[in-house]
1. Among the listed residues A:372, A:413, A:409, A:400, identify the single one that is part of a helix (DSSP H, G or I), outside the structural domain of residue A:148 (by the TED database), closer than 28 Å to residue A:456 by Cα and among the hydrophobic types (A, V, I, L, M, F, W, C).
2. Take residue A:229 and tell me if it is within 12 Å of chain B (Cβ to nearest Cβ) and of a type in the set (D, E, K, R).
3. Across segment B:246-291, what is the number of residues that are touching a His at 6+ places or on another chain (Cβ under 9 Å), within 29 Å of residue B:100 (Cα to Cα) and within 14 Å of chain A (Cβ to nearest Cβ)?
4. Mind counting the residues in segment B:394-427 that are over 16 Å from residue B:353 (Cβ atoms) and among the aliphatic types (A, V, I, L, M)?
5. Go through A:300, A:334, A:296 for me and flag whichever is in contact with an Asp or Glu (Cβ under 9 Å, 6 or more places away or on another chain) and within 14 Å of chain B (Cβ to nearest Cβ).
6. Checking the condition within 30 Å of residue A:135 (Cβ to Cβ) and assigned to a helix (DSSP H, G or I), which residue from A:175, A:204 passes?
7. Which condition number does residue A:188 fail, the rest of (1) at pLDDT below 95; (2) crowded, with 24+ Cβ neighbours inside 10 Å being met?
8. Would you be able to tell me the number of residues in segment A:376-417 that are among the aromatic types (Phe, Trp, Tyr) and without any contact (Cβ under 8 Å) to a residue 12 or more places away in the chain?
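The values are calculated or read from the model by the stated rules, or taken from the named source; none is laboratory data. As the structure is a computational prediction, the values presented were derived from the model and not from experiment. All Cβ positions, even for glycine, are placed from backbone atoms using ideal geometry, and neighbour counts span all protein chains on display.
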There are 2 protein chains.
Amino acid sequence: SRRAMGRAMGLLVGLLVGLFLVPAVLVSTGFRPGAPHAGPELAPELSEREPGSSGSLWPLPQWLRTSGRRLQLAPSRFQLVPGAGSSAGPTCDVLQDAFRRYYGYIFGQSRRRKRGLGPLGVPREPELSQLEVVIESRDPGCRSYPHLGSSESYHLTVAEPVAVLKADEVWGALRGLETFSQLVHEDDYGSFLVNESEIVDFPRFAHRGILLDTSRHYLPLKSILTNLDAMAFNKFNVLHWHIVDDQSFPYQSVVFPELSEKGAYSYNLIYTPSDVRLVIEYARLRGIRVIPEFDTPGHTQSWGKGQKDLLTPCYSGQKPSGSFGPVNPILNTTYDFMTKFFREISTVFPDAYIHLGGDEVNFDCWKSNPEVKEFMWSKGFGGDYAKLESYYIQKILDIVSSYNKRSLVWQEVFDNKAQLKPDTVVEVWIGNNYPYELSQVTGAGFTAILAAPWYLDYISYGQDWKKYYSVEPLNFLGSEKQKKLVLGGEACLWGEYVDATNLTPRLWPRASAVGERLWSSRNVTDLQDAYERLTNHRCRML
Amino acid sequence: SRRAMGRAMGLLVGLLVGLFLVPAVLVSTGFRPGAPHAGPELAPELSEREPGSSGSLWPLPQWLRTSGRRLQLAPSRFQLVPGAGSSAGPTCDVLQDAFRRYYGYIFGQSRRRKRGLGPLGVPREPELSQLEVVIESRDPGCRSYPHLGSSESYHLTVAEPVAVLKADEVWGALRGLETFSQLVHEDDYGSFLVNESEIVDFPRFAHRGILLDTSRHYLPLKSILTNLDAMAFNKFNVLHWHIVDDQSFPYQSVVFPELSEKGAYSYNLIYTPSDVRLVIEYARLRGIRVIPEFDTPGHTQSWGKGQKDLLTPCYSGQKPSGSFGPVNPILNTTYDFMTKFFREISTVFPDAYIHLGGDEVNFDCWKSNPEVKEFMWSKGFGGDYAKLESYYIQKILDIVSSYNKRSLVWQEVFDNKAQLKPDTVVEVWIGNNYPYELSQVTGAGFTAILAAPWYLDYISYGQDWKKYYSVEPLNFLGSEKQKKLVLGGEACLWGEYVDATNLTPRLWPRASAVGERLWSSRNVTDLQDAYERLTNHRCRML
């Protein structure tokens, strides 16, 4: 009546009960110096890791030494504080919010239970009294937004009597706080313990994204925020917000309010300017960039409802059929609209990048329309509608560029030979032969991010996280210089079959596999080891 | 970057906003007389159904007539009450609990919002003041448990000024209350409306089950209860509780407490006697039977931890290997244990049936054990270990039978030619060629239930509910008499990858497809119509 498989996964719930007995083990890896994804990568020598030491760290840090010596934390006394010499102090909201947040993650409801000392007030182990966080850069980043070039590296030393977390910028401190919280474990008697440890850590890739699609199904704000929390637990740093598409237009534009009035599923299934600000700020406090995608010229059916003449009228024979195709690329009014629209988007979203889409443009409607045909003729495009698409996209790229924003585009824009600015990022998504596409894109000198192997909306039976985990993004033909052009990747959860009822269990911990692949060293590939850490990590996230 | 599919599902959330505008339509189906799954089945003539009329009924009733005349319900006045001549009155707890429950489903939080009358107190439509429930059988069933032979048929008439729901037994009233609640809809102004209607309804199959597996992952009581609610919304009537298996033994036995002490994932991941009683009572109040499965002789690794010598020691060469196989069928102590164990089970679970498992017995360990070999020789079984399995199973069947319980078994028990009592139910689960197996089982005169095409733990991308919906259980070679031996079917959610975090969205509304297949008339097969009703039904369940 069922198969013998799955015994291991069957233990997950069993693990929810605290198994956090930590024998004293010495664990260390060789230190891997040098820049991310450059040079040889040493094999970690981790062994006998247990929950609470590196046995529950996810993603695995670049370098780690931990000892058997345990320190005890007193919830009533332990503090997270700015350290001496830090350029970010008590007025740094990113840090202060993180201190409060991580205090809660580490001790849960414990403070109330354990107010005061135990019967004798004598700790069984030496006490760790605080974690001092020192930001070393002159500009810690407290009031700014994380960006592609932000430093996320940190150096964590846990030793009696204080732990010290050093980072160039607050973004690295956020990553280090997450790691510190993963080091602390509760023993059978409710004591909070941490092994003396030293960790040097930094991301392998600078762009580590999750794509959420709020057009196929509207996602309530709460779902998006919960997902941002989960992203922070896995050191993701980009929310790729595929905010509108054919199915609905939930983004409430100030300049063009009819887009959501007519294009959203309903008057209340929208993201108001205040909602959008909330998402951006919640993300910022977790070191996460928010890159909105306004995909054109295809995937725009919902735009047409609130913006007259924006879409191409399709023809059936000699007459308009009543249906509409992609954005109409031959009208000046189209570009007037896009100029105003992207002016708004450029101010609403602080990130330096905007995703412009450009994928899956169906040419049938353009081909049916006599005015489009005439335009093609006048421009000398012949019958090559990819040229028309490129004509359109280049204009959009220029508009966005005029607002000092850079662009991300789906791979077709590159494939169709649009003239791209050198700082355009090409997102590779087509499943078959993506290594070849990465070769081509980087060979042409463009930066790329990889999504193709990580379409997490495609569910299947069993532990498919192993498939996502086993992807090696740089396993394509190309020079070292080309490899450096791969900025990272994204796990995509398209929304056809996803809404608030299943988003979290469908995305996590499957996306965690992608998180480790994009953060940890290239040689961190042991599935059994990953399985054990991921199991603990899932329990912690729950 | 994504496919054009899924537009329709994409509308689900859109539908969450009240689209419950109900134009007046006349909808009717032909009345199909006769016993369930016997005789020709008339095609429903439903057309232009809308949410609120039959457009949101799930599963579709056997016969339905609805008019365009709408009645209004006042939350502050509307009552569910026992009708004149009912054999079940205000002391019938099944009914009283259902009245309270369905009042809540129908009006939600509205009573508070709408205390008193509107500005003028003049209803826009004629008012429906109450639903009178009349139980006609001399024994309404208020204090008993639902069973395989219970009547679930009902006759619902909604007309001014009162609606009347007639049923033989309270179990039919529960089904009719669910249908009534599905007929009531809220309009754009917050008014509760119901179309005048008449419904005659009964299940096509008597056994309509959901299998939950609490061994691979422990399911908290709350998850099980939530699932029972969802089952009632879909007119399921059997919870097949696959309570223990190799991975864990969460059932707390009074006679053998060590089984869960040693065999559960943890001391708190168990079902105490009080938990079990709660599940059974919660199910009873919803007209749902609870059939426990204690699967032997395979799938019993967790039993071995708390019961010495119960499992067969496997040999490696001449010596015990230290691992264990299926239950040891050659020891008297095994049958002493089973006699006591099933005596307890027979009293704890009130249902007339116990599921004894009997699937997937691996013979390797038995073959390796010299004492088992000697036993085979002494019994004249030769090398046919299926005979040893049958020998064991027959003894277990006899034990259970001695407690006046009937048995369900997985199909291997039949395949291996165990001597079964005529009232044994054979559950067909092996995926390939299940129609042939149904022919064989019913051809031998046994009753059967079908699970094979409904293993809902096997997830896949997209709308796989259509696959489950399109199964026709009686589409196998056999006489009319054989077809009548098919008692129904079960949707199975094995627990390898299921726990409290994903149970509900993984099972529902996919299992609803099976629910309609097992309740509604054979000719209810229109996928588009089902899609629309299921969409509304999902919103209502949410």
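1. A:413 is the lone residue from the list that is part of a helix (DSSP H, G or I), outside the structural domain of residue A:148 (by the TED database), closer than 28 Å to residue A:456 by Cα and among the hydrophobic types (A, V, I, L, M, F, W, C).
2. So residue A:229 does not fit the description; no.
3. Going through segment B:246-291 one residue at a time, the tally reaches 1.
4. Here the count works out to 1.
5. Answer to the selection: A:300.
6. Unique residue meeting the criteria: A:175.
7. Status for residue A:188: all satisfied but (2).
8. Residues flagged as among the aromatic types (Phe, Trp, Tyr) and without any contact (Cβ under 8 Å) to a residue 12 or more places away in the chain within segment A:376-417 amount to 2.
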